[in-house]
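Notes to accompany the following structure.
Quick note: the coordinates plus some simple rules give every number you see, no bench work behind them. Keep in mind it's a predicted model, so treat the numbers as computed, not measured. No Cβ is skipped: glycine too gets one built from the backbone with ideal geometry, and neighbour counts run over all protein chains shown.
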Amino acid sequence: MNWRLRPWPHISELRRLVEGLGIPPLAAAALWNRGFKTVADLEPPLELLPLENLKAAALRVLEALEWGERIRIHGDYDADGLTGTAILLSGLGQLGANIHAFIPHRLDEGYGVLPGRVPDHIGACELFITVDCGISNFAELEPLVQNGISVIVTDHHSPGPTLPPGILVHPMLSPKLDGQPHPTGSGVAFLLLWQVYELLGKEPPLEYADLAAIGTVADVAPLQGFNRALVKEGLRRLRDSAQLGLKALAAEHCREFSASEIAFRIAPRINAASRLGQAEVALQL
């Protein structure tokens, strides 16, 4: 086995960490090589990210709210997709949205927007929003748009060769992120809900940060920047979660309410439902 070691930073580059945190150079080097190059990197603010088309997507959601249009949230069946779906389902539902969720069957149907489900989607809504999927589904989403269905894609996976139609909210298509760690599917869904709330003059929907934190940790996203701030806020709220099912689950399986406990005790239990073909059970929780 050949080991590839990260380059050792010069002591001058570590000075801010050593002096700011009062730690030895070795500990500072460990932080540096994990992406924490200033004290501020350890405590980033939780704020809206400049995702491309985020405001346009939020405005379309507000239009659907105003006109009472039917909204279908098409989520993925893993912990990231289910928590992101729950964020929009509950958060927009609180605003009076005519909204429902669709989760494909993991064992029988598989990942993403499925060709055989397209007619059902066309008849079920006026606004179709994907969570943690959709960016590779040009062929499946094009018929929706052709039939007058508005499409918003929120995803974080690698795009396919042809981008789908609709409003695309995706960190890889957002040049203003400029190297910042990308949010996961639940993080993008949380940002969309936050943008909707901001346009309405409401406070940020931080009561859903615990759901987004679970999705972020479950997808093994780097806990830096926005992700770090989101998970910190989510862990703080998980102990007394506004989601009663989640609160009960956390009370049973968490002691320290840490990212490790989410990764090894909470997320696997959410994923287990979809692996048994019952993702809706986890979504209802």
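Residues in region 47-53 carry Karplus couplings, in order, of 8, 4, 8, x, 6, 4, 6 Hz; the curve used is 6.51 cos²θ - 1.76 cosθ + 1.60 with θ = phi - 60°, and Gly or Pro positions show x.
By definition, a body whose alpha carbon gyration tensor gives a ≥ b ≥ c is rounded when a/c is under 1.5, and region 44-172 falls into this rounded group. Per-residue Cβ neighbour counts within 10 Å put Asp155, Asp78 in the sequence Asp78, Asp155, beginning with the fewest. For region 208-285, applying the loop criterion from DSSP together with a ceiling of 15 other beta carbons within 10 Å to the trypsin sites (Lys or Arg not before Pro) yields Arg239, Arg255. What shape does region 242-285 take by its C-alpha gyration tensor, where a ≥ b ≥ c are the square roots of the eigenvalues and a/c under 1.5 counts as rounded, a/b above b/c as prolate, and the rest as oblate? The shape class here is oblate. Across region 54-197, the mean sequence separation of Cα contacts (distance under 8 Å, 6 or more residues apart), normalised by length, yields a relative contact order of 29 percent. By the count of other C-beta atoms within 10 Å, a proxy for reagent exposure, Phe257, Phe128 are ordered fewest to most as Phe257, Phe128. Cβ crowding within 10 Å, taken as a proxy for footprinting-reagent exposure, orders Glu261, Glu19 from fewest neighbours to most as Glu19, Glu261. Result for the chain in a Gaussian network model with C-alpha springs under 10 Å: among Pro44, Pro104, Pro171, the largest mean-square fluctuation is at Pro44.
In straight Cα distance, which lysines are under 26 Å from Lys176, not counting same-chain residues fewer than 8 positions off? Of all the lysines, those that pass the test against Lys176 - Cα under 26 Å, at least 8 places apart if same chain - are Lys37, Lys55, Lys202, Lys232. Of the residues Gly91, Gly81, Gly245, the one that moves most in a GNM of the chain with alpha-carbon contacts below 10 Å is Gly245. Summarising the overall dimensions of the chain from its C-alpha atoms, the Rg and Dmax are 19.8, 63 angstrom. Taking the charge dipole of the chain about its Cα centre, with +1 at Lys and Arg Cβ atoms and -1 at Asp and Glu Cβ atoms, the residue from Gly277, Thr184, Val153 reaching farthest to the positive side is Thr184. Only one residue of Pro165, Pro115, Met1 has its Cα farthest out toward the positive end of the dipole of the chain, where Lys and Arg carry +1 and Asp and Glu -1 on Cβ, and that residue is Met1. By the gyration tensor of its Cα atoms, with a ≥ b ≥ c the square roots of the eigenvalues, what is the shape of region 152-228: rounded for a/c under 1.5, prolate for a/b over b/c, or oblate? Judged from the Cα gyration tensor, region 152-228 comes out oblate (a/c at least 1.5, b/c at or above a/b). Of all the options Ala29, Ala221, Ala273, the one that moves most in a Gaussian network model of the chain with Cα springs shorter than 10 angstrom is Ala29.
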